[in-house]
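The values are calculated or read from the model by the stated rules, or taken from the named source; none is laboratory data. Computed from a predicted structure; not experimentally measured. Quick reminder, even Gly has a Cβ in these numbers, built from the backbone with ideal geometry, and neighbours come from all protein chains shown. All accessible areas refer to the heavy atoms of the entire protein, side chains included, with ligands and DNA or RNA removed. Shrake-Rupley method; radii C 1.70, N 1.55, O 1.52, S 1.80 Å.
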Amino acid sequence: MTSPGASRPQPHPAESALCRSCGMCCDNTMFGRVIVTQWEAVKLRARGIDVTTYDDGERSFAQPCPRLSGDGCGIYKSRPHTCRSYVCETINALRAGHIDAGAAQDRIDRTLAARAALVPQAGDEDLFEYRNRVTDALEEGEPASAIPACTPELVRLETLLNRWFRTDDYAKRVPDED
């Protein structure tokens with residue numbers, strides 16, 4: 001992680017293609033909602049994005065992002081600060097030279113495959129909510145063996161997200177993979 005005040009590594013030439021092939025920060029895999037400022041909320045609502053304002057004044061819109069398409073972000077040049085500032089750990093590793101673009105794409109492909117393997121287990125339930133229900137129970141101290149939805153597929157996906165994509169402040173508690 002880059003410490004405050006330190007210069008950030010420059011973007012890697014492969015970043016754009018990697019992000020478009022991934023989309024997990026926009027498609028409800030990593031986040032359930034995007035927090036926005038009051039001004040951003042006004043601009044997003046003008047673009048037809050439903051922004052919720054909570055009792056505490058926080059504003060956000062739900063994932064998957066309604067402006068995410070196969071071509072990437074439909075509002076890229078005017079995307080919210082939260083979106084502009086988030087950099088996953090795979091891109092951080094790429095920028096730092098710890099991995100190359102091929103290894104980054106392999107991480108993306110393996111994680112997307114793990115997500116695809118979990119989708120049938122969630123049934124009609126939103127996949128993000130399904131996973132959060134399990135990780136929240138684990139964080140509250142419930143043993144994994146007492147949570148039927150805590151399957152090897154769920155543990156695999158959460159482990160890969162923690163290892164390769166989430167920053168430490170977004171990591172979820174999951175049991176060790178067998």
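For the stretch 66-136, with all protein chains present and a 1.4 Å probe, just round the carbon and sulfur fraction of the accessible area to a whole percent.
50
Need one word for the stretch 124-178: rounded, prolate or oblate. Basis is the Cα gyration tensor (sqrt eigenvalues a ≥ b ≥ c); a/c below 1.5 gives rounded, then a/b vs b/c decides.
rounded
Using DSSP to define loop residues, name the trypsin sites (Lys or Arg not before Pro) in the stretch 63-159 whose beta-carbon has at most 16 other beta-carbon atoms within 10 Å.
Answer in residue order: no site qualifies.
Counting other C-beta atoms within 10 Å, and keeping those with at most 13, which DSSP coil GluC sites (Glu not before Pro) do you find in the stretch 35-91?
Hits after loop and neighbour filter: Glu58.
Can you pull out the chymotrypsin sites (Phe, Trp or Tyr not before Pro) in the stretch 48-131 that DSSP calls coil and that have at most 12 other Cβ atoms within 10 Å?
The qualifying sites are Tyr54.
Restricting to Cα pairs below 8 Å that are 6+ residues apart, what does the relative contact order work out to for the chain? Please round to a whole percent.
Once normalised by length, the contact order is 22 percent.
Would you compute, from DSSP H runs of 4+ residues alone, the mean residue ellipticity of the chain at 222 nm, taking -39500 (n - 2.57) per run and dividing by the full residue count, rounded to the nearest 500?
For the chain, the value works out to -13000 deg cm²/dmol.
Hey, of (1) 1.25; (2) 0.97; (3) 1.15, which did the structure itself give for Rg/Rh (Cα atoms, Kirkwood Rh) when calculated?
Answer label, from the structure shown: (2).
Return one whole number: the accessible area per residue of the chain in Å², for a 1.4 Å probe.
Per residue, the chain has an accessible area of 57 Å².
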